[in-house]
There are 2 protein chains.
Amino acid sequence: MARRAKAEKSLNVKQVRDAEATQALILAAAQEEFAQHGLTAARTEAIAAKTGVAKSMIYYYFKDKEGLYQAVLERSHSNLLQTTLQLDLAHLSPEAALEKFLTALLNCVSHNPKLPMIMFHEAVQNQGQYYKRSSSLSIDRTLVEILERGTATGAFRQLDPFQSAINIMGTCLFYFIGMGNIKHYPQGKRLLSKAMLEQHSQEAIALILAGVRKV
Amino acid sequence: MARRAKAEKSLNVKQVRDAEATQALILAAAQEEFAQHGLTAARTEAIAAKTGVAKSMIYYYFKDKEGLYQAVLERSHSNLLQTTLQLDLAHLSPEAALEKFLTALLNCVSHNPKLPMIMFHEAVQNQGQYYKRSSSLSIDRTLVEILERGTATGAFRQLDPFQSAINIMGTCLFYFIGMGNIKHYPQGKRLLSKAMLEQHSQEAIALILAGVRKV
DNA sequence: CAATCAACTGACAAGTCTGTCGATTACTGC
DNA sequence: GCAGTAATCGACAGACTTGTCAGTTGATTG
């Protein structure tokens, strides 16, 4: 009831029945729920409650909980995937390519901070079943290639591209995954504020670029 | 039945009833289950099945699922906590202190690769409730202090100690968290083999030390 | 404006999971 | 070797969850 009723009232929209809007509402609520709890521990009841539509609509549009989960995974990743694939990094120097890649990656996750949590749950609970099938691994492959190029040309120090790619992804994404623990620091800053996200991006890029550069 | 029976047979032990051994067995199985599934999605039935003792023993020794969860958290963290607190880093240069800290941290998690997963279920699902109460945050505080000292003395470049501490932890721990996804890479290496763990530690330390050093 | 269809609902059947309890079996001290 | 106690088990009650279904309501169209 909550969101939909409010939206309709404030916008004075007549359309009470809108299949697409309802699906979008469910997907948004589901992304939150799955991000926090993962597939198994997520409750369809809770998702329905967040949207304000009846629980049965989940089954009407997405068949079952797993269908909804798949939809959320695809929807969450598509933006990141598209962005990284469109980067056109081949003509840049390894260092410039790396910076461009990291900027794009950090920008994506800053705008969709739930994504790393979802990835994490998929990795830990479902052993990355989805990634096995999907093309999501191509993100990391792009990074590995940059690093390979950089070590080959001598722009980067002698590092293992595979291991380093993992560690670099960790530097970028850990902030979002560890949020729940991090926020208990005395600091008491809002970790998802625009300023903090911006700072995190800058710090991560600086750390990584300095970390791979030849000494 | 499985493990216990086998152990007794091979060791020819008479003692079929051993409160401590049973608790240890349960804790070990629970650690695995909670690492993979988190508190809510973990199944007491599954834990019992792994141990070979009746499910009711969980309730006998740990009161309920949450009691067992708490016990697992405490047990899993104690080693890491003790190790990092005993390091005595004050008399070392920032760079040496950082290297010593990272070596200890990576050594700990390499010997207990489930720990990062548990930490992050706690962060994501339970919003770090446990860390709020426990002294686990002191690990990160240690790291922040090293970084503060390094920037103050000019040994490290101008970085934000808080943000960088998070990013550094990410570099060290992401490998273990992302395992489920990472393993689908063409490489096809065993990520938990001694050689790979050793390589990860070296690569992570190298990346971080290079990343913080003054240019 | 009536008929049709898609969107939507609430109640519920069936299954799963936790936590309890009485009964049973191994150890321990007398 | 007997009595008492601690450890263990299996079955089950009760709560919670998923997914279904028959029925209702709002839009659309000839």
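In region A:127-137, the residue that is nearest to B:ILE118 (Cα to Cα) out of those that are open to solvent by 30 Å² or more (accessible area, probe 1.4 Å) and at the interface with another protein chain (Cβ under 9 Å from one of its Cβ atoms) is A:GLN127.
Just to be sure, is A:LEU25 within 11 Å of DNA strand C (Cβ to nearest atom) and either at pLDDT below 95 or not basic (Lys, Arg) (or both)? The answer is yes for A:LEU25. If you filter region B:45-64 down to residues that are within 28 Å of A:PHE34 (Cβ to Cβ) and crowded, with 18+ Cβ neighbours inside 10 Å, you find that the one that is nearest to the chain's Cα centre (by Cα) is B:ILE47.
Going by the conditions given, is B:ARG157 closer than 25 Å to A:LEU106 by Cβ, open to solvent by 10 Å² or more (accessible area, probe 1.4 Å) and touching a residue at least 40 places away in the same chain (Cβ under 8 Å)?
Numbers: closer than 25 Å to A:LEU106 by Cβ: yes; open to solvent by 10 Å² or more (accessible area, probe 1.4 Å): yes; touching a residue at least 40 places away in the same chain (Cβ under 8 Å): yes.
Judged against the criteria, B:ARG157 is a match.
When you scan region B:100-120, do you find a residue that is among the hydroxyl-bearing types (Ser, Thr, Tyr) and surrounded by fewer than 16 Cβ atoms within 10 Å (Cβ to Cβ), even just one? Within region B:100-120, one or more residues are among the hydroxyl-bearing types (Ser, Thr, Tyr) and surrounded by fewer than 16 Cβ atoms within 10 Å (Cβ to Cβ). Taking the criterion of being touching a residue at least 60 places away in the same chain (Cβ under 8 Å) and assigned to a helix (DSSP H, G or I), the residues of region A:74-107 that qualify are A:GLU74, A:PRO94, A:GLU95, A:LEU98, A:GLU99, A:LEU102, A:THR103, A:LEU105, A:LEU106, A:ASN107. Every listed requirement among (1) surrounded by fewer than 18 Cβ atoms within 10 Å (Cβ to Cβ); (2) touching a Lys or Arg at 6+ places or on another chain (Cβ under 9 Å); (3) within 17 Å of A:LEU102 (Cβ to Cβ) is met by A:LYS189 save one, (3).
Of everything listed in (1) open to solvent by 30 Å² or more (accessible area, probe 1.4 Å); (2) under 20 Å from A:SER110 (Cα atoms), the single unmet condition for A:LEU209 is (1). Tell me yes or no: at least one residue of region A:138-155 is within 8 Å of chain B (Cβ to nearest Cβ) and either among the aliphatic types (A, V, I, L, M) or touching a Cys at 6+ places or on another chain (Cβ under 7 Å) (or both). No: zero hits. Residues of region B:54-65 that are touching a helix residue (DSSP H, G or I) at 6+ places or on another chain (Cβ under 7 Å) and under 23 Å from B:SER134 (Cα atoms): B:TYR61, B:PHE62, B:LYS65.
The values are calculated or read from the model by the stated rules, or taken from the named source; none is laboratory data. As the structure is a prediction and not an experimental result, all values here were calculated from the model. Cβ coordinates were reconstructed from backbone atoms using ideal geometry, including for glycine residues, and neighbour counts include every protein chain displayed. Surface areas here come from the heavy atoms of the whole protein model, side chains and all, with no ligands, DNA or RNA. Shrake-Rupley method; radii C 1.70, N 1.55, O 1.52, S 1.80 Å.
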